[in-house]
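This report concerns only the one structure given below.
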Amino acid sequence: MDGYQDLLDRSIEQARPVLARGKVADYIPELSKVDPDLLGVTVVDLNGETISSGDTNVYFTLQSIEKVFALIFALELAGADRVFELVGMEPSGAPFSELSTLGEFSAKPSNPLINAGAIVVSSLLTTLISFDEFLAQVRVLCKNPAINCNEAVFASEYAHSERNHSLAWELKRLKLLVGDLDETLRFYTRSCAISVCAEDLARFASLLAGGGLDFSSGQRVISGNAVRIAEALMFTCGLYDGSGSFAVRVGIPAKSGVGGGIMAVVNHRVGIGAFGSSLDRNGNSIGATAILEYLSNKLGWHIFSHGN
Ligand code: GLN
């Protein structure tokens, strides 16, 4: 990755001025305490070569990025047919926790990367694995055994999760919750509170870039089918109702979380973890988006790139 260090350093510096246009998530009280000026990016190639710039060892919570892990585990354990009986594969065109669109176009959540869809997937997972097994798998895919759940963020969000409770009750009414409602919400909220750094996200993303194959060990860790489904949904739905503009500006599959992380994939090349806790109005990291847009332009990452 010749020249990457310099580009990563510059991507951080050019992103700094946009931070003031956003703000940290405050609907989860514990998240409002995070420093809005943090910025970091790590790129990992298929062989594990790692280049970082900025605050890449600072821990933040996965939040909605957990939806990619949950989707992959559900696909592997229950199969795609079962997962898509319960949840759709279309962009919702609505905020991530929207209640009004639930059941509007079909009798299930639009996709697994919005809250309603992820709650359904979590409910399915509660019937298949424990939260500790979920966490153990996240550690394996991020190649970091030190990853843990931030219990303070979990408690803070759970105490303020009226919207997710409403979604869960509506999903129960629609007969889409296959597990217990309280257990589902705890599982979902706890997985959102798993704490990672940009390097962890980049390592996971590099596995997706390699189609689920870990090139350093030669082992398949995720099926190619699960990676294809996850990447397709990340590209079309990964940034909620900001997915279209992200596709135009950056043009690679990605998933954001209100903790400030964005995990992104350049197929067959690299995985990226970008972090900046200041968010735009859709709840996507404003700094991480600016970093990724800069790098995508400089390195020709856009999947529809034809040069200038
Ligand atoms: N835990 C958050 C929630 O359920 C995740 C939302 C997000 O990251 N967009 O509201």
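The values are calculated or read from the model by the stated rules, or taken from the named source; none is laboratory data. Keep in mind that this is a model prediction, so the values were computed, not measured. All Cβ positions, glycine included, derive from the backbone under ideal geometry; neighbour counts span all protein chains shown. Heads up: the accessible areas ignore ligands, DNA and RNA and are worked out on the full protein's heavy atoms, side chains in. Shrake-Rupley method; radii C 1.70, N 1.55, O 1.52, S 1.80 Å.
Of the residues 206, 217, 223, the single one that is under 24 Å from residue 53 (Cα atoms) and open to solvent by 10 Å² or more (accessible area, probe 1.4 Å) is 206. Residues of the range 173-194 that are more than 24 Å from residue 136 (Cβ to Cβ) and surrounded by 15 or more Cβ atoms within 10 Å (Cβ to Cβ): 174, 176, 177, 181. Answer with yes or no whether residue 73 is touching a strand residue (DSSP E or B) at 6+ places or on another chain (Cβ under 9 Å), within 30 Å of residue 159 (Cα to Cα) and modelled with pLDDT of 95 or more. Answer is no for this residue.
Matching residues to (1) within 21 Å of residue 222 (Cα to Cα); (2) of a type in the set (Lys, Arg); (3) in contact with a helix residue (DSSP H, G or I) (Cβ under 8 Å, 6 or more places away or on another chain); (4) within 16 Å of the ligand (Cβ to nearest atom):
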| residue | (1), (2), (3), (4) |
| --- | --- |
| 65 | yes, no, yes, yes |
| 69 | yes, no, yes, yes |
| 74 | yes, no, yes, no |
| 79 | yes, no, no, no |
| 86 | no, no, yes, no |
| 92 | no, no, yes, yes |
| 97 | no, no, yes, yes |
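Looking at 168, 118, 136, 198, just one residue is modelled with pLDDT of 95 or more and within 20 Å of residue 275 (Cα to Cα), and that residue is 198. Only a single criterion out of (1) in contact with a helix residue (DSSP H, G or I) (Cβ under 8 Å, 6 or more places away or on another chain); (2) away from the ligand (no atom under 16 Å from the Cβ); (3) within 30 Å of residue 30 (Cβ to Cβ); (4) open to solvent by 40 Å² or more (accessible area, probe 1.4 Å) is not satisfied by residue 245, namely (1). Filter the range 27-43 for residues that are within 16 Å of the ligand (Cβ to nearest atom) and aliphatic (A, V, I, L, M) and give the result. If the condition is that a residue be within 16 Å of the ligand (Cβ to nearest atom) and aliphatic (A, V, I, L, M), then 28, 31, 34 are the ones that fit. Could you tell me whether any residue of the range 41-50 is in contact with a Leu (Cβ under 6 Å, 6 or more places away or on another chain), open to solvent by less than 50 Å² (accessible area, probe 1.4 Å) and over 23 Å from residue 208 (Cβ atoms)? No, the conditions are met nowhere in the range 41-50. Considering only the range 93-146, how many residues are of a type in the set (S, T, N, Q) and over 19 Å from the mean Cα position of the chain (by Cα)? Of the residues in that region, 6 qualify. In the range 16-26 there is at least one residue matching the filter, namely being out of contact with any helix residue (DSSP H, G or I) (no Cβ under 8 Å at 6 or more places or on another chain) and either among the β-branched types (Val, Ile, Thr) or within 16 Å of the ligand (Cβ to nearest atom) (or both).
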